[in-house]
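Structure, as structure tokens:
The values are calculated or read from the model by the stated rules, or taken from the named source; none is laboratory data. Small disclaimer: the values here were computed from a predicted structure and weren't measured. Every residue, glycine among them, receives a Cβ derived from its backbone with ideal geometry; neighbour counts consider all protein chains shown.
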Amino acid sequence: MNHTFNTAHDIAHALATQHAGMLAGDAQPYTQAVHAEDASLGADMAGVLQGCRMLGFLEHDAQCVAQAWQAQTLRTGQFSVSDWPCTPQDFGVSPYPRAQAFPACPHQLGLYAVLPDAQWIARMARAGVPTLQLRFKSDDEAAIRREVRAAVQAVQGTEALLFINDHWQIAIDEGAYGVHLGQEDMDDAPIETLRAAGLRLGLSTHGYAEMLRADALSPSYLALGAVFPTTLKRMQTAPQGTGRLYAYAQLMQQTPLVAIGGIDEARIPVVMKSGVGAIAVVRAITGASDPEVAARTLQDLMQTKP
């Protein structure tokens, strides 16, 4: 049911209440959610910004949501605090097909195992895990090249798709299926070189602003996270939670999506309800007493109707 709100204060409180499932990160009380520059905005825009801050959105993400809400209002002719924007055109997301898009990968990438070395890649490829990422950490370029080459060879003769984390030039040289880059790598990597090489490109995102920035490159897939708390790497952003994951997945449904971050067997059903086509795991496999059994169990859970 829609109500008419006349002030930014009322809009902000209504938004924070009606969309409490979006709460994550450092939620702010209303007094801190009001910024001096909001005074130059209309009540709708200011209220949405303030409501997003109350829900813990980072400022650049709150700005994305507010601008999309404004576009939604212009498109529909009505401001509705209950209708969280989820239409691609309201966020400036271009439809597919796109002329400069990276090569496509399956929309349903399935279980996506992030693994530390080529031996693990070989083991999980033989176990039937459909998508694998080599995240090999070393400062020795020769060692990196040996590991990437061994990983590429390990998936030959299997149906596994292999992405290489970060080491894009070696991934090109050794004929990997794709490369995965973080936000911090996007500015340094030669995007046109990657595209011309025919590599599939996966990009990490942690909220609306990063997601839209990554989507502008028309990658092969987007990774959405961290959904839940994780200790594997120090995150600059708070866990997104399932409320935000569902909104991201609805907005970006034309792109293959991978949910990542703190996902274990117990959390797979609620994550799959979002509509993502893949779930990335690390310790759920590498920390299991029997990794092959764990991989089969995880895949069975993903194939169970939510």
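The criterion of at least 1 residues that are at pLDDT 95 or above, surrounded by fewer than 16 Cβ atoms within 10 Å (Cβ to Cβ) and not aliphatic (A, V, I, L, M) is met by the following helices (runs of 4 or more DSSP H) wholly inside the stretch 1-88: 8-18, 30-33, 59-76. With respect to the conditions (1) touching a strand residue (DSSP E or B) at 6+ places or on another chain (Cβ under 9 Å); (2) farther than 15 Å from PHE228 by Cα; (3) touching a residue at least 60 places away in the same chain (Cβ under 8 Å); (4) not acidic (Asp, Glu), ALA249 falls short on a single one, namely (3). Within this structure, ALA150 fails the test of being free of Cβ contacts under 8 Å to residues at least 24 places away in the same chain, farther than 19 Å from THR193 by Cβ, part of a helix (DSSP H, G or I) and not charged (D, E, K, R).
Among the residues of the stretch 170-182, the ones that are closer than 11 Å to ARG145 by Cβ and touching a Pro at 6+ places or on another chain (Cβ under 9 Å) come to 0 in all.
A quick yes/no check of all residues on (1) closer than 25 Å to GLY128 by Cβ; (2) in contact with a helix residue (DSSP H, G or I) (Cβ under 9 Å, 6 or more places away or on another chain):
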{"position": "LEU212", "(1), (2)": "no, yes"}
{"position": "THR242", "(1), (2)": "no, yes"}
{"position": "GLN254", "(1), (2)": "no, yes"}
{"position": "ILE268", "(1), (2)": "yes, yes"}
{"position": "VAL271", "(1), (2)": "yes, yes"}
{"position": "ARG283", "(1), (2)": "yes, no"}
{"position": "PRO291", "(1), (2)": "yes, yes"}
{"position": "ALA295", "(1), (2)": "yes, yes"}
{"position": "ASP300", "(1), (2)": "yes, no"}
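Working only within the stretch 126-144, note down all residues that are of a type outside the set (Phe, Trp, Tyr) and closer than 23 Å to SER204 by Cα. Scanning the stretch 126-144 gives VAL129, PRO130, THR131, LEU132, GLN133, LEU134, ARG135, LYS137, SER138, ASP139, ILE144. Within the option set SER138, SER82, being among the hydroxyl-bearing types (Ser, Thr, Tyr), more than 27 Å from LEU298 (Cα to Cα) and assigned by TED's automatic domain parsing to the domain that holds VAL65 holds for one residue only, SER82.
Residue count for the stretch 173-195 under the criterion of being among the polar types (S, T, N, Q) and at pLDDT below 95: the result is 1.
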